[in-house]
1. Quick one: how many lysine pairs in the chain have C-alpha atoms under 17 angstrom apart, if they're 8 or more apart or on different chains?
2. Does segment 427-526 come out rounded, prolate or oblate by the C-alpha gyration tensor, with a ≥ b ≥ c the root eigenvalues, rounded set by a/c under 1.5 and, if not, prolate when a/b is larger than b/c and oblate if not?
3. Once fully extended, how much extra length lies between Ser354 and Tyr531, figured as 0.36 nm per residue of separation less the alpha-carbon to alpha-carbon distance?
4. Rounded to the nearest 5, what % of the DSSP beta bridges within the chain are antiparallel ones?
5. Between rounded, prolate and oblate, where does segment 235-362 land on the alpha carbon gyration tensor, with a ≥ b ≥ c its root eigenvalues, rounded for a/c under 1.5, else prolate if a/b exceeds b/c?
6. Are there any trypsin sites (Lys or Arg not before Pro) in segment 248-344 that are in a DSSP loop and have at most 11 other Cβ atoms within 10 Å? List them by number.
7. If R0 is 25 Å, what FRET efficiency do you get for Tyr497 and Lys520 from their C-beta distance, rounded to 0.05?
8. With n ≥ 4 as the cut-off for DSSP H runs, can you work out [θ] at 222 nm for the chain, using -39500 (n - 2.57) per run divided by the number of residues, rounded to the nearest 500?
Amino acid sequence: QATSPSTVAETQAAGTVADEGRRRWARVWWIVGGVLLSAGLFVCYVHVSRTQRVESDGASDALQAWDMLHGHLLLRGWVIPDVTFYLTELPEYMLVVLFRGLNADVLHVAAAFTYTLAVAGAALLARGRTRGREGALRMLVAAGIMLAPQPGPGVFLLLFQADHFGTQVPLLATWLILDWAWYGRRRWWVPVVIGVLLTWIGISDQIVSFVGVIPLVVVCGLRAWQQGLRAAWFELSLAAAALASFVMAHAAVRVIRYLGGYRMLPLTSGVISPGELPAHARLWLRGVLGLFGASFEVHPGLPLAFAALHLAGLALAVAGFWLAVRKFHRDDDVIAQLLAVAIVINSLAFLASSRPGAYWGTREIAGLLPMGAVLAGRMIGPRLAAIRTTGQKLGAKSILAIGTLSLVLAGYLTALAWAVTRPPVPADTQTLATWLQAQRATDGLTSYGLSDYGLANTTTLAAGGTVGLRPVISTRAGIKAGPHEYNTTWYTPARHYMNFAVVRVVRGDAYPVSRKELLKAFGPPAHEFRYDHYLIMTWHQNLLTGLKHGAAHKRAGLSPP
């Protein structure tokens, strides 16, 4: 007996509703699973970050966040280097300080949160608009490459303190919006949003010019040239927005300074000579190996085995980059094009710049890790999904490929578990901070004293701001505040009184202040005593009256009378 058309329609409608319900629940479970997995990774990354010693650069960022949290949103009086992280990582630090207070662990929690967001952002960008099995494989490849930062060389660059790696989180969010809008959602406001996001990042970190602004201009310019200018209004609008973001970011920094906010020090960089290129190339390679967890500058045993294993992730990233370059002119994947161009420009800028001089300088190319991971996911993921289709048997090559990648992923998980078990290390001057807290009352020390940059802000953070040190530097003119990451309001004699200084007996800082220089500036001390490898010198006078005050104080109107 034939089924009536109305019955067929009702059955189809019921099936459609059921399918929609299953898809909705599947999305909910994916979201819940992603949140739980991210939370688990965050806890792991906090432990991994604690294997790195907190130092002054990160401590300075925490102190800035503390000031912002207490109403000084423009950071009045602060003298900051050419990278501020003002709108990228400092708000994150503010939230961590709000819930955990001011202490050295703030840096570890914030670094772990940043890295977790970067892994999640890279996985989502690698998936793109694909769904199902291919989308899952894309995400797995990208997240897997970033899964296990290498204790030592890798953690030093990725889970240490606020730096260029943190800039990748809002940049990944920018590219996610572009990827969503590129196919079928080309509205006039999309370039405006992209321009605003690039401006926001540019105010905080000028490296976005090399990994965001210039790549977007290049890719959109090439695509507009291929399509014709009349048909490429969206590409041209994006390029214009990127260029405008560069101008607006610099203008915003000037406005902040005009309103009484922080002052940035000028960028000190130049171009290397041809003879210096081999050394920079070796430094670039060291940085890449460290970023991808494959640095062999580690202890023998398990660390060395894990480093060798991480070469697989680096190989996948290189393969993804190579495929993106090969398909560049005929591929419609604008994200792959952007990331390939960004990798080239970032690497060339690093090789040509005189700024990087040591391993720490390779933080300038920290974006190569998430960019390489996303390219591997977008380029390699589809090939993995095509290994087996419905109703087909796995061949020997397919079994070998799947088995190898499964073993590598298991090895990465083992490497992460091993890193989590490494013992934590205290802040660089945690013992000194504890001693100052105990001795403040008994030895007549004031709450704050003077020391070199390497001791100062770290000690203040480790003590939770209850006691601490203020950074100074020795110049031909005498002792003055500096060299950077300090607040000029700390040194005004009318507001503060400091009667002691701390000297590191074992020189380990780039800006040391010696006993001889302190004697020349302030005269013989009333007392001197040793604690650990520190020399503490006390005077019966306010040391701030003997400081030399430079241009930063004059511009802030804070010079003593």
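1. Details: Lys480/Lys516; Lys480/Lys520; Lys480/Lys548; Lys480/Lys554; Lys516/Lys548; Lys520/Lys548.
So the count of such lysine pairs works out to 6.
2. rounded
3. Values: separation 177, 0.36 × 177 = 63.72 nm, distance 3.92 nm.
Contour length minus the Cα-Cα distance gives 59.8 nm.
4. So the antiparallel bridges amount to about 70 percent of the total.
5. It is oblate, given that a/c is not under 1.5 and a/b is not larger than b/c.
6. Passing both the DSSP loop test and the Cβ count: no residue.
7. It comes to 0.70.
8. It comes out at -19500 deg cm²/dmol, rounded to the nearest 500.
The values are calculated or read from the model by the stated rules, or taken from the named source; none is laboratory data. Only a predicted model underlies this, so the values are computations on that prediction, with no experimental measurement involved. Using ideal geometry, Cβ is built from the backbone for each residue, glycine included, and neighbour counts are taken over all protein chains shown. The accessibility values were calculated without ligands, DNA or RNA, using every heavy atom of the protein model including side chains. Shrake-Rupley method; radii C 1.70, N 1.55, O 1.52, S 1.80 Å.
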